[in-house]
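K.L.:
Pasting a structure below so you can have a look.
The values are calculated or read from the model by the stated rules, or taken from the named source; none is laboratory data. Computed from a predicted structure; not experimentally measured. Positions of Cβ are generated from backbone atoms using ideal geometry, with glycine treated the same way; all protein chains shown enter the neighbour counts. Just so you know, the surface numbers come from the protein's heavy atoms only, side chains and all, with ligands and any DNA or RNA stripped out. Shrake-Rupley method; radii C 1.70, N 1.55, O 1.52, S 1.80 Å.
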Amino acid sequence: MNMPTESAMQSGSAKVHTRWLPAAGDAHTLYVALFVVVALALAIGVIVPFYAELMDYKPARLLALPAVLVFGLLLLFNRLLLLALIIVFRSAGDVILDSTRFSIGGYETGIGGLINLCVIMLACMLVFEKPSRLPKKMTMAWLPFLLVALFGLVISPEKGDAIRSYLTLLSYFAMFIIAFYFVRSAQDFRRCVKLVLWSSVLPAAYALVDIALHGAAGGAEGFRLQSTFTHPNIFAFYLTLIIPLTLYVLKDKTTVLGSGSRIVLTLYLFYLLALLVLTQTRSAWLACMIVFFAYALLFERRYLLYLMLLPVVALLVPEIRERLLDLGSGTTAVAYAKLNSFAWRLSIWESGLQWMRPSHYLFGYGLEAFRHYSQTFFPAANHMNWGAHNVYVQWFFDAGMVGLLAYLWLYARVALMLKSLTRIDRLAAFVTLALVFSYLLVSSSDNIFGYLVFNWYFWFSVGIGCALATSVTLPDNKAGRQARPLEQP
């Protein structure tokens with residue numbers, strides 16, 4: 001047996017040790033990576049002091065930079081989780097996000113603006129990755145509305161506000177489109193409904209804090225509950241969306257609820273109705289009552305007896321009685337404080353429409369034009385820029401008859417799509433159509449366009465309904481009833 005020589009052993013030993021050393025190319029890559037890490041660390045070290053000074057050293061504002069990194073990572077690696085987090089927690093975000101606003105070049109933004117951008121980017125990435133799942137018919141329904149809005153941006157007298165408004169409208173479209181990438185079956189639809197319902201937990205819980213802190217407050221209208229939202233009306237309209245979805249989960253025969261869960265959900269529904277009363281938003285009360293009457297007529301007529309007694313019971317509640325009686329007083333247009341809210345709305349609508357010139361009837365004055373010119377045509381403006389408090393009046397003023405027709409065409413197409421949902425789930429069709437009806441009703445008395453959070457939940461909820469309606473045409477989904485897992489796009 002030949003024994004290895006000493007030189008051979010040294011050569012072999014050298015080979016063994018050199019296997020653990022990086023090759024020339026690997027070493028180069030390692031050095032580049034180390035250089036990048038060091039450069040980033042140095043850059044962050046230089047930027048952070050300036051960034052902290054720009055944010056005025058306020059902790060809430062300082063969160064903007066870490067939020068950018070977190071949203072960016074989730075957008076790249078787990079878009080499903082990002083969407084779920086936005087849906088569950090955005091309803092409670094206004095309490096915190098308003099404190100993160102800062103100004104750059106005269107333009108105010110914050111983490112809320114970052115979330116808006118993430119939603120639009122998320123929709124773009126989903127469409128880019130799987131263009132075949134883009135709902136072409138519904139996109140064409142949106143297209144006239146978005147094109148008219150874009151033209152309104154070009155001619156707007158308030159370019160900064162118009163750009164912000166147009167990006168807001170794009171985010172509504174994004175939430176609607178996103179729904180089609182996450183609903184492929186009836187099971188997916190129900191998961192998304194429950195996801196929206198989970199978003200109401202924090203606002204419903206924080207409502208108790210709002211009542212404890214401000215319940216004894218007086219004022220011209222008394223206490224009005226707004227919870228985590230910036231205005232009681234927004235919370236009320238959000239509740240008109242959550243309440244029908246809660247009713248759907250309770251009445252859906254394919255959803256198996258234990259007796260304990262059913263009792264809890266029923267009590268939660270009555271709790272939400274109580275919160276709706278405390279918002280003192282009359283248009284939301286009316287919309288919710290009509291939805292329950294329609295449900296009773298179409299599904300369970302025994303409920304009609306209870307609903308007939310409801311107005312009598314409601315008048316026994318001081319808050320409801322006073323809000324209804326308020327409509328009979330303060331009808332003279334002297335100043336905003338002297339008018340009831342309905343008379344004030346009639347006054348500003350009449351002033352704006354009479355001020356319009358026939359030459360602008362077709363295309364309007366541009367996005368945010370009503371608010372811009374309100375000090376000119378509204379005698380009771382009191383040096384403030386007022387919204388129309390009526391989407392139809394505002395959109396006719398801003399975008400003209402062409403814009404108003406494009407707006408109504410969008411909802412007509414959505415309603416027709418949801419009507420076809422009756423072939424799959426009659427209750428889901430009713431609930432989603434009820435959401436559209438409620439939205440159109442409250443649009444006649446408030447600035448719905450500007451309520452971003454409510455619109456996100458509305459368009460996502462309507463979107464999942466339309467997505468379920470189109471699922472019957474999918475080759476791998478017979479009648480939309482097959483339960484498929486919610487896949488990661």
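K.L.:
When the residues of the range 167-207 are filtered to those that are more than 18 Å from residue 92 (Cα to Cα) and in a loop (DSSP other than H, G, I, E, B), which remaining residue is most open to solvent (accessible area, probe 1.4 Å)?
P.N.:
This residue is 184.
K.L.:
Another question about this same structure. Could you go through the range 149-160 and let me know if any residue there is surrounded by fewer than 15 Cβ atoms within 10 Å (Cβ to Cβ), in contact with a His (Cβ under 7 Å, 6 or more places away or on another chain) and not basic (Lys, Arg).
P.N.:
yes
K.L.:
Please name all residue pairs, on different chains or six or more residues apart, with Cβ atoms under 6 Å, provided the first residue is in the range 174-202 and is on the phi > 0 side of the Ramachandran plot and the second residue is crowded, with 24+ Cβ neighbours inside 10 Å.
P.N.:
Going by the 6 Å Cβ cut-off, there are no qualifying pairs.
K.L.:
Here are the criteria: (1) farther than 26 Å from residue 171 by Cβ; (2) touching a Phe, Trp or Tyr at 6+ places or on another chain (Cβ under 6 Å). Tell me which single one residue 400 does not satisfy.
P.N.:
(1)
K.L.:
For the range 413-433, how many residues meet the condition of being of a type in the set (Gly, Ala, Ser), in contact (Cβ under 8 Å) with a residue 24 or more places away in the chain and open to solvent by 10 Å² or more (accessible area, probe 1.4 Å)?
P.N.:
1
K.L.:
Looking at (1) modelled with pLDDT under 90; (2) out of contact with any strand residue (DSSP E or B) (no Cβ under 7 Å at 6 or more places or on another chain), can you tell me which one residue 110 breaks?
P.N.:
Evaluating residue 110 over (1) modelled with pLDDT under 90; (2) out of contact with any strand residue (DSSP E or B) (no Cβ under 7 Å at 6 or more places or on another chain) leaves (2) as the failure.
K.L.:
To continue, here is another question. Only one of these conditions is not met by residue 282: (1) farther than 21 Å from residue 425 by Cα; (2) in contact with a Phe, Trp or Tyr (Cβ under 8 Å, 6 or more places away or on another chain); (3) of a type outside the set (Val, Ile, Thr). Which number is it?
P.N.:
Only one criterion is unmet by residue 282, namely (2).
K.L.:
Which one of these does residue 238 not meet: (1) on the phi > 0 side of the Ramachandran plot; (2) open to solvent by less than 10 Å² (accessible area, probe 1.4 Å)?
P.N.:
In the conditions (1) on the phi > 0 side of the Ramachandran plot; (2) open to solvent by less than 10 Å² (accessible area, probe 1.4 Å), residue 238 misses (1) alone.
K.L.:
If you don't mind, another one. Could you tell me which numbered condition residue 225 fails, if it satisfies all but one of (1) surrounded by fewer than 20 Cβ atoms within 10 Å (Cβ to Cβ); (2) among the aliphatic types (A, V, I, L, M); (3) not in a helix (DSSP H, G or I)?
P.N.:
In the conditions (1) surrounded by fewer than 20 Cβ atoms within 10 Å (Cβ to Cβ); (2) among the aliphatic types (A, V, I, L, M); (3) not in a helix (DSSP H, G or I), residue 225 misses (1) alone.
K.L.:
Tell me which residues, restricted to the range 378-402, are over 30 Å from residue 430 (Cβ atoms) and in contact with a Leu (Cβ under 9 Å, 6 or more places away or on another chain).
P.N.:
Passing the criteria: 380, 396, 397, 398, 399, 400, 401, 402.
K.L.:
Next question, about the same structure. I want to confirm something. Restricting to the range 254-280 and keeping residues that are more than 14 Å from residue 201 (Cα to Cα) and touching a residue at least 40 places away in the same chain (Cβ under 8 Å), which single residue is surrounded by the fewest Cβ atoms within 10 Å (Cβ to Cβ)?
P.N.:
Filtering first and then ranking leaves 254.
So that you can scan it fast, the table gives a plain yes or no per residue for (1) touching a Gly at 6+ places or on another chain (Cβ under 8 Å); (2) of a type in the set (D, E, K, R); (3) open to solvent by 60 Å² or more (accessible area, probe 1.4 Å):
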residue	(1), (2), (3)
358	no, no, yes
372	no, no, yes
375	no, no, yes
383	no, no, yes
390	no, no, no
393	yes, no, no
403	yes, no, no
409	no, no, yes
